[in-house]
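These notes are about the structure you will find just below.
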Amino acid sequence: MPELPEVEGVVRSLAPAATGRTIRDIKVSDTIIRSKSEAKEAILKNSSPEEFAGQLRGMTITNVTRRSKYIYFHLEKDGEPHLLVSHLGMSGAWFAVRETGEVAEDKFRRHIHVIFAMEDGGLLVYADIRRFGELRLIREEADHPPLLTMAPEPFDETAAGHFLSMCKTPKYAGKPIKETIMDGKVISGCGNIYATEALFRTGIHPGRKTGRISMLRLESLFHEIQKVLAEAIEAGGSSISDYRNINGEAGNMQERLRMYGRKNCPGCGAETKRMTIGGRTSVYCPKCQH
Ligand SMILES: [Zn+2]
């Protein structure tokens with residue numbers, strides 16, 4: 001699943017390719033149309049394919065930004081602002097192409113679900129292999145309340161204080177630390193890969209109860225999460241599973257991960273262990289992490 005650094009990689013490549021362009025028409029795949037007719041919500045979250053297309057026609061993309069793991073397309077039509085919120089789910093990817101045949105890799109080409117035909121003749125294409133992604137057209141963040149409860153951006157100066165105060169609340173104090181740091185209300189955009197890595201780098205056992213970790217260690221954990229995320233953004237993200245930026249490229253952070261996916265600890269050589277926390281597999285070193 002793309003985490004914050006991967007979404008940042010998409011936004012950095014998407015913003016210059018999409019900003020300033022006006023949408024002429026939208027084409028939605030038969031798979032989505034069928035799913036919507038069965039009252040399922042595949043990808044398009046709050047509108048029918050017809051409504052979605054009707055609303056977006058004539059809108060101009062004024063900017064593309066990231067908030068946590070969401071991509072925000074800032075749009076404007078007749079002087080009114082709108083917001084298209086895109087979540088990549090497990091395997092969503094955007095491509096800027098002249099025709100769909102140019103979409104990199106067959107696995108994405110076979111799962112094109114939304115095509116934005118632009119007035120300049122080019123296309124913005126959303127492909128999603130497993131269809132867990134989301135596209136939601138709203139006017140502002142307040143129209144979709146979960147967007148308002150997200151923790152501050154991890155590089156925001158309020159983020160550390162927010163994290164430490166959430167750790168003290170009864171709700172999180174009793175939870176394993178790994179589950180706490182992967183909760184988007186506590187820290188924005190830290191998923192399984194970077195949580196695993198930051199815990200290893202600070203020597204904290206992923207299953208340790210949040211409330212039983214000293215404030216000093218929690219602070220150093222937070223700073224390590226910031227460092228790991230910054231390092232991963234620099235590396236263009238990790239090419240794990242189906243992450244691609246709009247040029248079909250993936251990053252190389254996976255080569256720098258010291259614990260995620262490792263069979264042996266790079267510190268002491270011990271065999272790593274696995275445990276399930278909050279439904280996700282956590283890898284850790286039984287000797288170096290307490
Ligand atoms: Zn070790």
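Bear in mind that the values in this text are calculations on the coordinates, not laboratory data. Not measured: the values here are computed from a predicted model. Here Cβ is always computed from backbone atoms with ideal geometry, including for glycine, and neighbour counts include all displayed protein chains.
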Using 7 Å Cα-to-Cβ label points, what is the Thr22/Thr62 separation (nm, one decimal)? 1.5
Name every cysteine in the chain that ends up alone, with no second cysteine's Cβ under 4.7 Å, or say none. Cys167, Cys190, Cys268
Taking the Cα centre of each part, how many Å lie between region 69-138 and region 203-270? 28
Might you report the magnitude of the Cβ-based charge dipole of region 158-290 about its Cα centre, with Lys and Arg at +1 and Asp and Glu at -1, to the nearest 20 debye? 680
Please give, to one decimal in nm, the separation of the simple spin-label points placed at Ser214 and Arg256, each 7 Å out from Cα toward the Cβ. 2.9
Farthest towards the positive end of the dipole of the chain, among Asn247, His223, His82 and with Cβ unit charges of +1 on Lys and Arg and -1 on Asp and Glu, lies the Cα of His223
List Ile213, Ile43 from most exposed to least, where exposure is judged by having the fewest other Cβ atoms within 10 Å. Ile213, Ile43
Quick one: Karplus J couplings for region 100-114, per residue in order, coefficients 6.51, -1.76, 1.60, θ = phi - 60°, nearest Hz, x for Gly and Pro? 5, x, 7, 4, 5, 6, 4, 4, 7, 4, 7, 10, 7, 10, 9
Tell me what the chain gives for mean residue ellipticity at 222 nm when only DSSP H runs of n ≥ 4 count, each as -39,500 (n - 2.57), the sum divided by the residue total, rounded to 500 deg cm²/dmol. -8500 deg cm²/dmol
Pairs of Cα atoms under 8 Å, at least six residues apart: use those to get the relative contact order of the chain, whole percent. 19
Would you mind checking Lys69/Lys178; Lys69/Lys273; Lys209/Lys287; Lys168/Lys209 for any pair whose Cα atoms are more than 23 angstrom apart? Lys69/Lys273
Shape of the chain from its Cα gyration tensor (a ≥ b ≥ c, root eigenvalues): rounded if a/c is under 1.5, otherwise prolate when a/b > b/c, or oblate? prolate
Under the Karplus relation with 6.51, -1.76 and 1.60 and θ = phi - 60°, whole-Hz ³J(HN,Hα) for region 189-202, x at Gly and Pro, equal x, 9, x, 4, 4, 7, 5, 4, 5, 5, 5, 5, 5, 9
³J(HN,Hα) computed for each position of region 12-20 - Karplus, 6.51 cos²θ - 1.76 cosθ + 1.60, integer Hz, glycine/proline x: 5, 8, 7, 4, x, 7, 10, 5, x
Between rounded, prolate and oblate, where does region 111-188 land on the alpha carbon gyration tensor, with a ≥ b ≥ c its root eigenvalues, rounded for a/c under 1.5, else prolate if a/b exceeds b/c? prolate
Please work out how much length the chain gains when fully extended from Arg109 to Asp30, using 0.36 nm per residue of separation minus the C-alpha to C-alpha distance, in nm with one decimal. 27.0 nm
Three-way shape call for region 125-281 based on the alpha-carbon gyration tensor, with the a/c threshold at 1.5: oblate
Work out the length of the dipole vector of region 1-96 about its Cα centre, built from +1 on the beta-carbon of each Lys and Arg and -1 on the beta-carbon of each Asp and Glu, and round it to the nearest 20 debye. 120
Among Val97, Val283, Val186, which comes first, then next, by fewest other beta-carbon atoms within 10 Å? Val97, Val283, Val186
Suppose every Lys and Arg Cβ carries +1 and every Asp and Glu Cβ carries -1, with no other charges. What dipole size does region 54-205 come out with about its Cα centre, to the nearest 20 debye? 700
